[in-house]
1. Within segment 69-79, is even one residue farther than 24 Å from Phe151 by Cβ and touching a Phe, Trp or Tyr at 6+ places or on another chain (Cβ under 8 Å)?
2. State the number of residues belonging to segment 291-346 that are within 11 Å of the ligand (Cβ to nearest atom), assigned to a loop (DSSP other than H, G, I, E, B) and touching a helix residue (DSSP H, G or I) at 6+ places or on another chain (Cβ under 8 Å).
3. Looking only at residues that are assigned to a loop (DSSP other than H, G, I, E, B) and within 23 Å of Leu315 (Cα to Cα) in segment 57-90, which one is farthest from the ligand (Cβ to nearest atom)?
4. Wholly within segment 94-213, which strands (runs of 3 or more DSSP E) include no fewer than the required count, namely at least 2 residues that are over 21 Å from Leu301 (Cβ atoms), among the β-branched types (Val, Ile, Thr) and in contact with a Lys or Arg (Cβ under 8 Å, 6 or more places away or on another chain)?
5. Name the single residue that is nearest to the ligand (Cβ to nearest atom) among those in segment 224-245 being more than 17 Å from Ala211 (Cβ to Cβ) and under 27 Å from the mean Cα position of the chain (by Cα).
6. For residues that are more than 11 Å from the ligand (Cβ to nearest atom) and surrounded by 16 or more Cβ atoms within 10 Å (Cβ to Cβ), scanning just segment 200-218, find the one that is farthest from Lys248 (Cα to Cα).
7. Go through segment 246-289 and report how many residues are more than 16 Å from the ligand (Cβ to nearest atom) and either part of a loop (DSSP other than H, G, I, E, B) or of a type in the set (Lys, Arg) (or both).
8. So, in segment 167-194, how many residues would count as being within 14 Å of the ligand (Cβ to nearest atom) and either touching a strand residue (DSSP E or B) at 6+ places or on another chain (Cβ under 9 Å) or of a type in the set (Asp, Glu) (or both)?
Amino acid sequence: MNYVPVMPDRLLAFLVLARLAFAVHAVCADEKPMMKAAIAHEYGPPEVLKFEEMPRPEPKEDEALVRVIASSVNPADPLTLSGKYAREWGTNLPLIPGYDIAGVVEKVGPQVRTLKKGDAVYGYPTFGGGWAEYVTVKEWEVSAKPKSLTFAEAAAVPMCALTAWQALVNAAQLHSGQTILIHGGSGGVGSFAVQIAKARGARVIATASTANQDFLKQLGTDVAIDYTKTKFEDVVKEVDAVLDPVGKETLARSYGVVKKGGIVLDLVARPDPAELEKRGIRGAAIWVRPDAKDLSEIAHLIDAGKIKPIVTQVLPLSEAIAAQRQAETHHTRGKVVLRIADEPKN
Ligand SMILES: NC(=O)c1ccc[n+]([C@@H]2O[C@H](COP(=O)([O-])OP(=O)(O)OC[C@H]3O[C@@H](n4cnc5c(N)ncnc54)[C@H](OP(=O)(O)O)[C@@H]3O)[C@@H](O)[C@H]2O)c1
């Protein structure tokens, strides 16, 4: 008699479920993890920005993937989006703006040495990408987040503080006993520049409009000038350095207040060689770049209580268009931050 094996009901059910689970797993493995991002598929005004779900980026061998908790807004964002400087700044479409990030390392490529999963970092991805739930970074673009700051506060720091640091410390080597004139001392870059100059023992003269005079004092400015009422060259003489984020007429009038051997640091124009030579002064056109070592020194100063970011507004990512309109005014006090995710619990 032939023996026909009969499968018990429970074993049959188990095999069916196991097969189903395998099929579901195979489908999921094919699906790329997604993320929310503010993205532009064409260059134009802030309104070209769309809020979409898109595949999460994968870090290359020498990159880390960062889960972004917060980003911030710079006047450079609407300029990047306009496409005007696409060639010079190396930007391509589609484009996710956002040069500032604070977040948590999610994953690292095999060549990454200084970062590991779970690290809290802040920094400046060279080509932006911060207005998204995830961004890939190189090791030299980020550093350990200042411990004393929330992620939202830390996101206000990188691009502006690096600009001020690379101008005042790296280019001018500003030191104790010197005097600096900082135009636009109440803005993103200016508010860091005033504090960095004070931390280095310099005397600070800063300009801003009427509404920001008390704020300049709170930042530590020794002499605050209201540029809407007073011509700075009438009261400023013989300074060691000028930081100019305004350009044009403000730059043209600045050469004359610098002492021989002093320096004009310009963020928006190239100082005129003829003016520099005529007066025996130096000039530098500052071009900010990501630098993990500079970010680390800035973090130390922040944790030592010497400087702090001034966050005037925290907006959800969905407000990125309005935030760029504000950045275009060139009259922002401190920084506007974009919240991408909730602050991690610890
Ligand atoms: N070269 C680089 O690598 C680099 C890096 C970062 C930024 N930037 C550029 O530097 C500029 C400043 O950036 P930011 O982030 O500091 O901008 P921001 O946050 O908009 O600040 C602008 C500041 O300029 C002041 N201001 C406006 N008109 C002025 C005038 N006529 N005289 C004196 N102060 C004036 C404003 O003060 P009130 O509001 O009181 O008027 C405000 O304090 C932008 O053009 C940006 O694109 C260049």
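Each reported figure results from applying straightforward, stated rules to the coordinates on display, with no laboratory input. As the structure is a computational prediction, the values presented were derived from the model and not from experiment. Every residue, glycine among them, receives a Cβ derived from its backbone with ideal geometry; neighbour counts consider all protein chains shown.
1. Yes, segment 69-79 contains a residue that is farther than 24 Å from Phe151 by Cβ and touching a Phe, Trp or Tyr at 6+ places or on another chain (Cβ under 8 Å).
2. The number of residues fulfilling the criteria is 5.
3. Val73
4. 101-108
5. Checking each candidate, the answer is Pro245.
6. By that ranking, first place goes to Arg200.
7. Count: 8.
8. At the first step, the residues of segment 167-194 found to be within 14 Å of the ligand (Cβ to nearest atom) are 167-168, 170-171, 181-194.
When the remaining residues are screened for being either touching a strand residue (DSSP E or B) at 6+ places or on another chain (Cβ under 9 Å) or of a type in the set (Asp, Glu) (or both), the result is 167-168, 171, 181-191, 193-194.
Matching residues across segment 167-194 total 16.
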